[in-house]
Structures are given as structure tokens and as C-alpha cells.
Amino acid sequence: MGGENKPSGVLLSALGTLGHHVTDAVQRLGFASRFFVMLLLWSGQSFRRINLTIREIYFSGFQSLLIIMVSGLFIGMVLGMQGYDTLQRYGSADALGVLVALSLVRELGPVVAALLFASRAGSSITAEIGLMKATEQLMAMDMMAVNPIARVVAPRFWGGVISMPLLAALFSATGVFGGYLIGVVFIGVDEGAFWSQMQASVDFRYDVWSGIVKSFVFGIAVSLIAVFEGYDAVPTAEGVSSSIKSTVVKSALAILALDFVLTSFMFREAG
Amino acid sequence: MSADNLVEIKDLDFAYEDRPILKGISLSIPRGKVVAMMGGSGCGKTTLLRLIGGQLRPSRGEILVDGQSVPALNNDELYAMRRRMGMLFQFGALFTDISVFDNVAYQMREHTDLPEEVIRDMVLMKLNAVGLRGAHALMPAELSGGMARRVALARAISLDPMLIMYDEPFAGLDPISLSVIGQLIRKLNDALGATTIMVTHDIQESLHIVDFIYFMSEGKIVASGTPDEIRASKHPFVHQFVCAEADGPVPFHYPAEPLMDEMLGKGTHGR
């Protein structure tokens with residue numbers, strides 16, 4: 001007991017705590033991987049009874065439309081102003097369309113839409129599944145011979161995966177419109193140049209496609225984190241609240257880390 | 001196994017990691033009877049129900065339900081078995097996002113191909129049996145505790161199970177609701193020709209409705225008998241339970257060091 005105050009005791013206990021954290025993290029990673037495999041194995045019902053998945057697309061995708069489109073519009077408008085300010089110094093204000101479109105399609109569309117999706121839909125998926133667990137609804141379902149992973153988790157996962165690229169595309173589209181609104185309508189950049197330069201410079205294979213791939217990967221990551229955190233929540237009020245926090249934090253970190261990895265691969269490919 | 005027993009348990013041990021919960025439990029539940037498992041909170045009663053339902057696996061011993069060994073069943077066989085079991089959870093565990101009607105219809109829709117008209121008639125009959133036909137359109141949040149318990153009961157019997165399990169069916173109910181649930185448990189068991197296992201600590205209500213009682217303490221069966229035998233029992237544990245005495249074989253104090261040692265700073269919480 002007294003040894004705890006000596007430097008060696010403190011060091012040992014710190015090492016012990018670190019060890020615990022590492023083994024806990026590895027164990028949870030293993031559990032999450034096993035959960036993902038189970039989720040894939042039990043996904044058949046999500047497609048056979050497509051209504052279950054459509055309902056989740058409505059809740060997580062359709063109901064996120066407003067925040068996604070409003071944010072897209074504002075980000076596009078800000079890009080229009082900032083882009084014009086920089087480009088006109090070099091006399092290339094006509095390239096505003098390209099700047100707005102490339103920024104949105106390659107980066108901001110998938111990343112910001114995914115961050116918004118994680119906070120709007122991911123957190124509510126975690127809360128819903130966590131509360132179903134806390135109120136024994138998942139256990140009741142299991143006792144009724146209905147697999148909760150097939151009936152509750154998989155449709156929410158696939159609903160998120162399907163919604164994400166569509167939301168990112170809408171985010172980019174409203175963003176481009178926002179850029180047009182500021183650049184062409186308010187500032188007076190030439191409309192023909194705005195659209196024609198955009199069409200000429202945005203490549204479908206490298207720009208649009210890479211944005212779609214990114215948003216699809218982010219959709220898998222965010223949806224998996226959201227359903228796992230809910231399913232793995234400690235079934236108490238504090239437990240569910242801490243899982244919701246985890247969903248938002250882990251999703252944000254996962255989106256940014258995956259964005260870096262995917263972008264570096266895509267640049268290499270393009271080069 | 002005797003054909004007269006629907007459930008037979010032999011030498012059952014169960015532990016959560018290294019914390020033993022059940023130690024050498026042996027019991028049998030005859031067909032058609034209502035049997036209560038009694039004991040203080042945390043004595044392993046609910047764990048026993050979950051073992052019978054196949055949600056937990058024993059460390060040792062045998063659990064036979066209708067002649068089949070529950071721990072030996074694979075997932076499909078276990079789900080086939082659970083379709084013949086009904087379980088009422090402590091707080092009902094109703095699905096909060098669907099109506100009373102849909103809650104009762106849930107298993108019928110999941111497990112049968114019955115046309116919606118037939119399901120409608122069956123659901124209304126089940127709700128009528130628990131006196132809540134008029135509440136079929138309400139949402140679970142609009143029900144009182146006693147009503148929610150009755151809806152959960154209607155849901156538990158929706159597929160006419162051979163075995164109905166109740167986890168603390170009387171917890172938190174007013175005296176009228178408590179008596180209604182008690183009468184329903186008896187009436188439904190006899191009407192359906194089912195067998196009932198009821199985990200409870202409500203001795204007075206149980207003595208009115210059950211055929212047999214097992215007393216559990218610290219993971220073991222300590223006494224058993226018919227209600228009349230229990231009333232006449234001189235067993236110290238049964239006596240303490242029936243007379244609701246604060247101290248006895250079940251101690252008032254959680255195990256601790258002597259109070260004087262703790263006060264004088266000699267205990268583990270020494271200053």
C-alpha cells in the first residue's frame with residue numbers, strides 16, 4: 001500500500017493502467033470486427049425485406065437533407081467569396097467555378113457531409129439502439145427468435161451506407177449552386193466562363209468518382225461506428241450518453257484519418 | 001427425463017467470468033404447472049431464466065426443455081425452441097416505436113405467413129384476454145406500468161407458447177394491477193395448457209396462484225414446496241422470507257469488517 005507513493009510504485013501503476021487500456025482497446029477492436037462479420041452475415045434480411053432498409057434511409061438520409069443542403073449552400077457561398085478574393089488578384093476570377101467545384105467534389109462534399117451525418121444521424125442511431133438495449137428491447141427480440149442484428153442493426157447500417165454518397169452528392173450540388181449565387185449573381189463573374197471552365201476541368205474519373213468512393217467509405221465507417229457503439233453501450237443512462245459521445249468523436253476522427261489515407265492513394269493514382 | 005416434466009435442470013453451475021452465480025442447481029418443472037422461483041435480489045433467479053431461454057450458457061450441468069438440451073442447440077434450433085417460449089421482461093420491454101397492436105402482432109408477422117386479417121383477429125383476442133382490446137391503438141409511452149405489463153403479457157403469449165417465463169412480473173405495480181397480473185398468469189397458463197416459470201420476490205401474491213415454489217439463496221436452491229408446505233415451513237430462510245424479517249439467514253449487512261476496526265482506522269479504508 002505504502003509503496004504506491006514511491007516513484008517506482010507510481011511508474012508501475014501507470015504502466016499497469018496503460019497495459020489495461022491497450023488490452024481493452026485490442027479486445028474491443030476484436031469484438032467490433034466480430035460484430036462487423038456478424039452484421040454482414042445477417043444482412044440478407046435488410047435486402048429481402050427492403051422496406052426495413054428504406055425506412056432507415058428515410059430516418060437517417062431523408063431527415064438529414066435539410067442540414068446537409070443548408071450547410072452545402074453556405075459552404076459554397078463562402079468558397080465563392082474567398083475564392084473570388086484570391087483568384088481576382090491573379091486575374092483568373094473566371095476559374096472560380098473550377099475552384100468551387102473541385103473543392104466540393106473532391107474534399108468538402110464527402111468530408112463535411114460525413115461529419116454532419118455522423119452528428120445528425122449517427123448519434124441518433126447510437127441513441128436508439130443503446131436505449132433499446134437499456135430497456136431490454138433487444139433482449140426481448142432475441143427471446144422472440146428474432147435476431148436483433150438482422151432486424152435492428154443491419155437495416156440501420158445499410159440505410160446509412162446507402163444514404164451517405166447521396167447526401168454528399170447533394171451537399172456538393174447545393175455548394176456549387178451557392179458558389180454560383182455569390183460568384184455569378186452577386187459579384188458578376190462571367191456565367192459562361194464559370195460553367196464552361198468547371199465542365200472542362202472537373203474530371204469524372206479522378207474528381208467525381210474519387211468523391212463518391214470517399215463518401216461510400218465514410219458511410220461504412222460512420223454507420224458501423226454508430227451501430228456498434230449503440231449495440232455495445234453500457235445499458236444505463238450514462239452508458240448510452242457516453243456511447244453517443246463516442247460515436248461523434250470516433251466518427252470524426254475516422255473520417256479525417258480515412259480522408260488522408262484515401263486522398264494520398266488517389267493522388268498517387270492520378271499522378 | 002420424466003415426460004411429465006417440461007423443464008429439467010441438473011447440477012447446473014454458472015459464473016460471470018470468475019464470479020459464481022449459480023452453484024449446483026437441480027430442479028424440475030412439471031408440465032401444466034405454475035412454478036415460482038423466489039429469493040432476494042441478486043440470488044441468480046433471472047440468470048436461471050436466461051439460461052433456460054438459451055441466452056447464457058452454463059459452465060457445467062444440464063438444462064433440458066421438452067427433452068432437448070438447450071446449451072447443445074445451434075442457433076437455428078435455439079430460435080425454433082424460442083418460438084415455443086414466451087418471456088415477460090421485468091419492465092415489459094415493449095417496442096416503444098410501434099403501437100400496442102403492432103407489439104402483439106410482432107411475432108406473428110415475423111414468424112408466420114398469416115394474412116393481415118387473421119393477425120388482426122388474433123391480436124385483438126390476445127388483447128381481450130388481458131383486458132386491453134380497447135387500448136390497441138395506443139403507443140407504449142401512453143400506458144401505465146400495469147397496462148404495459150399486460151400488453152407485454154399479451155405479446156408473450158402471442159404464438160401460444162408451451163413455456164411462459166416471467167421475470168419479476170409484480171415489480172413496481174400497485175396492489176390492483178398486481179392482483180390482475182397474478183390472476184392473468186394463472187388463467188392464461190391454464191387456458192393455453194402451458195407451463196409457467198415465474199421469478200419473483202412477491203411471496204404473498206405467489207402463494208395464491210402458484211403450484212410449487214423453489215427458494216434460492218446465493219445461487220443455490222435452499223427450500224422448496226407447495227404453497228401450503230411453504231406456509232407451514234420452519235426453515236429459517238423461508239420463515240425470514242415469508243415473514244419479511246430484516247435479518248436472519250439473509251443478513252442485513254453486506255459483508256464488511258467489524259465497525260469498530262473501521263472507525264479506529266484499522267480497516268482497509270484506514271486513514
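Computed from the coordinates by the stated procedures, all read-outs in this text should not be read as laboratory data. On a predicted model such as this, the values are computed, not experimentally measured, just so you know. So basically every Cβ, Gly included, is an ideal-geometry build from the backbone, and we count neighbours across all protein chains shown.
The length gained on full extension between residue A:70 and residue A:209, counted as 0.36 nm times the residue separation minus their Cα-Cα distance, comes to 47.7 nm.
The tail of the calculated P(r) for region B:5-233 beyond 29 Å holds 26 percent of all Cα-Cα pairs.
Cβ crowding within 10 Å, taken as a proxy for footprinting-reagent exposure, orders B:144, A:241 from fewest neighbours to most as B:144, A:241.
Cα-based values for region A:42-270, radius of gyration first and Dmax second, are 20.1, 70 Å. Modelled this way, with points 7 Å down the Cα-to-C-beta line, the labels at residue B:139 and residue A:90 are 5.5 nm from one another. Distance from the Cα centroid of region A:154-177 to that of region A:57-117 is 14 Å (rounded to whole angstrom). Comparing A:89, A:151, A:55 in a Gaussian network model of chain A, where Cα atoms under 10 Å apart are tied by springs, the biggest mean-square fluctuation is seen for A:89. Under 5 Å between amide hydrogens, built in the peptide plane, is the criterion, and for residue A:189 it picks out A:184 among residues at least 5 positions away or on other chains. Normalised by the number of residues in chain A, the mean separation of alpha-carbon contacts (under 8 Å, six or more apart) gives a relative contact order of 30 percent.
Would you mind checking region A:233-265 for residues with the amide N under 17 Å from a putative spin-label position 7 Å along Cα→C-beta of residue A:27? Hits in region A:233-265 for residue A:27 at 17 Å: A:233-235.
If you take the square roots of the eigenvalues of the alpha-carbon gyration tensor of region B:135-182 and sort them as a ≥ b ≥ c, do you get rounded (a/c under 1.5), prolate (a/b over b/c) or oblate? Verdict is oblate for region B:135-182.
Principal-axis analysis of the Cα atoms of chain B puts helix B:116-129 at an angle of about 50° to the longest axis.
Taken one residue at a time, the phi angles of region A:78-83 give Karplus couplings (6.51, -1.76, 1.60, θ = phi - 60°) of 5, 4, x, 5, 4, x Hz. Gly and Pro are set to x.
Each residue, residue A:48 and residue B:118, gets one label point 7 Å from its Cα in the Cβ direction; the gap between the two is 1.9 nm. What percent does the relative contact order of region B:5-233 come to when contacts are Cα pairs within less than 8 Å and at least six residues apart? Relative contact order of region B:5-233: 29 percent.
Amide H to amide H, with H built 1.01 Å from N, residue B:61 comes under 5 Å of B:13, counting only residues 5 or more places away or on other chains.
Its Cα centre serving as origin, chain B has a Cβ charge dipole (Lys and Arg +1, Asp and Glu -1) of approximately 140 debye. Among A:265, B:185, A:118, whose Cα sits farthest toward the positive end of the charge dipole of the protein assembly as shown (+1 at Cβ of Lys/Arg, -1 at Cβ of Asp/Glu, about the Cα centre)? Final value for the positive-end residue is A:265.
Note on chain B: GNM, Cα springs under 10 Å; of B:86, B:44, B:193, the largest mean-square fluctuation is that of B:193. Going from the residue with the fewest nearby Cβ atoms within 10 Å to the one with the most, B:117, B:8, B:257, B:218 rank B:117, B:257, B:218, B:8. Reducing region A:225-249 and region B:13-35 to their Cα centroids gives an inter-centroid distance of 32 Å. Please work out whether region B:20-70 counts as rounded, prolate or oblate from its C-alpha gyration tensor, where a ≥ b ≥ c are the square roots of the eigenvalues and a/c under 1.5 means rounded, while otherwise a/b larger than b/c means prolate and anything else oblate? It comes out oblate by the Cα gyration axes.
Here the 3J(HN,Hα) profile of region B:196-205, calculated from phi with Karplus coefficients 6.51, -1.76 and 1.60 at θ = phi - 60°, is 10, 10, 10, 9, 7, 10, 8, 5, 5, 5 Hz, Gly and Pro shown as x. Per-residue ellipticity at 222 nm computed for the protein assembly as shown from its helices equals -17500 deg cm²/dmol, with DSSP H segments shorter than 4 residues left out and the rest contributing -39,500 (n - 2.57). Placing unit charges on the Cβ atoms only, positive for Lys and Arg and negative for Asp and Glu, gives region B:127-227 a dipole magnitude near 240 debye about its Cα centre. Mean-square fluctuations from a GNM of chain A, with a 10 angstrom spring cutoff on Cα atoms, peak among A:56, A:128, A:136 at A:136. Shape of region B:98-170 from the C-alpha gyration tensor: oblate (a/c of 1.5 or more and a/b not above b/c, with a ≥ b ≥ c the square roots of its eigenvalues). Taking amide H as placed 1.01 Å from N in the peptide plane, the amide H of residue B:98 sits under 5 Å from none that are at least 5 places away or on another chain.
Rounded to the nearest 20 debye, the dipole magnitude of the protein assembly as shown is 320 debye, with +1 charges on Lys and Arg beta carbons, -1 on Asp and Glu beta carbons, and the Cα centre as origin.
Listed by chain and number, the lysines placed with their C-alpha closer than 30 angstrom to that of residue B:234 are B:10, B:23, B:33, B:45, B:220; residues fewer than eight positions away on the same chain are left out.
In order along region A:119-124, the Karplus-derived 3J(HN,Hα) couplings, from 6.51 cos²θ - 1.76 cosθ + 1.60 at θ = phi - 60°, round to 7, 7, 9, x, 5, 6 Hz, and Gly and Pro are given as x. As I understand it, the value is the acute angle between the Cα axis of helix A:154-180 and the longest principal axis of the Cα atoms of chain A; what does it come to in degrees, rounded to 10? The two axes meet at around 30 degrees.
Which angle between 0 and 90 degrees, to the nearest 10, do you get for helix B:145-156 versus the longest principal axis of chain B when only C-alpha atoms count? Computed tilt is about 60 degrees. Only one residue of A:217, B:214, B:153 has its Cα farthest out toward the positive end of the dipole of the protein assembly as shown, where Lys and Arg carry +1 and Asp and Glu -1 on Cβ, and that residue is A:217. Remark: B:33, B:45, B:266 ranked as B:266, B:33, B:45, counting other beta-carbon atoms within 10 Å and listing the fewest first.
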